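Let me begin by presenting the structure, written as structure tokens, before commenting on it.
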Amino acid sequence: MSKSITRKIQLTGGSTYIVSLPKEWIKALSLSAGDEVEIYQDTDMKLFIVPKSANTTDQKEIKKIIHCDNVSPDAIVREFIAYYIAGFSSVSITCPRMSSSTRAYIKDIVRKRLLGAEVIEEDVSTISIQFLVDEKELSIKRAISRAFTISYNMLRDSLEAISKSDIELAKEISGRDDEVDRFFFYIARQLTISVKAINVLDSEGYNLTQTVDIYSVAKTIERVGDHANRIASLAEDVSKFSNKEDLVNLGLMILESYKSAINAFLNEKKDVAHNLISNTEIFEKLRELQEIAIKSNDNSKIITSTSMTVESLRRVARYSADIAEATIDMLAKSNR
């Protein structure tokens, strides 16, 4: 916990109020007379003092070296993801007796799931990956928008695969889920960095109190991608469901609600968010469709796959309402 330091407000020149800065703080940051600091005010009227040179998205290189033994490839991937989100610029993992197939697997997964991940060094026991992320080129809002677009298209194409019994399309959808993950992990990384570099959020009109809402929406988009992927995996069976067109039409309604929720979040449309939350008709239709599936004369495999698809659609509908709620919560914390 940070130590409390008390300072008196002083008046100088008859009109200027000044507060002295702790000597230890100045020394720790290698500051001196004449250096500039930036002062930020949050929604509670608190002031944050940040050295101007330090408050930038051009993060200094932060490296991490991890030593491991008898660790699974998936655990190593999780380590890379964790340190990526934590804001590290490069991570090296050294594991004795790492096979070539294991190294290839780790490199492939990390590159697919982490934006800007590049292997800079490799030998029989070590993999070093640098995260070459240009935050200035990709704002948090744009990252949310891109992740949404991918997940939206995944769900739309999953429904089309069911409607047209296009199994090849269904198989192609699964590869897009990694793209949604890439943007989610990037957003999580940026929110972590924003705790130290306040202008990451300030430049986009956000503040620190809204980070939980931004993260919630990003995570929700990632979950929609997962459910779109799940629906695609069930498409071959569900395409044989006797009432599949009713399912597809309801899915398209849910898809549009999802789109409206994201638009409300990105464009700060509180009225749209309230309307989405108030609309419970979709959930009643999902319940009716579930009953139809269970009572149908289709075989048990088709019924099971259809029920799982209906449940995924229910989750997406719920996620849309969650995004709408996050929109209202975020606007309540706005500086405007």
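The values are calculated or read from the model by the stated rules, or taken from the named source; none is laboratory data. Small disclaimer: the values here were computed from a predicted structure and weren't measured. When we count neighbours, we look across all protein chains shown, and the Cβ atoms used for this are built from the backbone with ideal geometry, even at glycine. Remember, those area values only see protein heavy atoms, side chains included, never the ligands or the DNA or RNA. Shrake-Rupley method; radii C 1.70, N 1.55, O 1.52, S 1.80 Å.
For region 66-117, the list of trypsin sites (Lys or Arg not before Pro) that fall in a loop by DSSP and count at most 16 other C-beta atoms within 10 angstrom reads Arg97. A Cβ-based charge dipole, computed about the Cα centre of region 140-333 with Lys and Arg at +1 and Asp and Glu at -1, lands at about 360 debye. Candidates His67, Thr102, Ala82 compared by Cα position along the dipole of region 63-131: farthest toward the positive end lies Ala82, with charges placed on Cβ. Strictly over 27 Å apart at the Cα level, which of Lys46/Lys219; Lys164/Lys270; Lys141/Lys285; Lys196/Lys219; Lys219/Lys244 would you flag in this model? Flagged as over cut-off: Lys46/Lys219; Lys164/Lys270; Lys141/Lys285; Lys219/Lys244. Over the C-alpha trace of region 140-333, radius of gyration and Dmax come out as 17.7, 60 angstrom. By a 1.4 Å probe calculation restricted to protein chains, Val19 has an accessible surface near 80 Å², given to the nearest 10. Both numbers refer to the Cα atoms of the chain; Rg and Dmax are 24.8, 88 Å. Considering only Asn263, Asn229, Asn249, the Gaussian network model of the chain with Cα springs below 10 Å gives its largest mean-square fluctuation to Asn249. Restricting the trypsin sites (Lys or Arg not before Pro) of region 1-37 to loop positions (DSSP other than H, G, I, E, B) with no more than 10 neighbouring Cβ atoms within 10 Å leaves Lys3, Arg7, Lys8.
Carbon and sulfur atoms: what percent of the 1.4 Å accessible area of the chain do they account for? On the chain, the fraction of accessible area on carbon and sulfur atoms equals 50 percent. Relative to the Cα centre, the charge distribution of the chain, modelled as +1 at Lys and Arg Cβ and -1 at Asp and Glu Cβ, gives a dipole magnitude of about 880 debye.
Rg then Dmax, both in Å and based on the Cα atoms of region 63-131: 10.5, 29. Applying the criteria of a DSSP loop state and at most 16 other Cβ atoms within 10 Å to the GluC sites (Glu not before Pro) of region 97-180 yields Glu137. The heavy atoms of Thr280 present about 90 square angstrom of accessible area, all protein chains included, probe 1.4 Å.
For region 9-55, divide the Cα radius of gyration by the Kirkwood radius and give the resulting Rg/Rh value with two decimals. That ratio is 1.00, to two decimals. Over the chain, accessible surface divided per residue gives 54 Å², non-protein components excluded, 1.4 Å probe.
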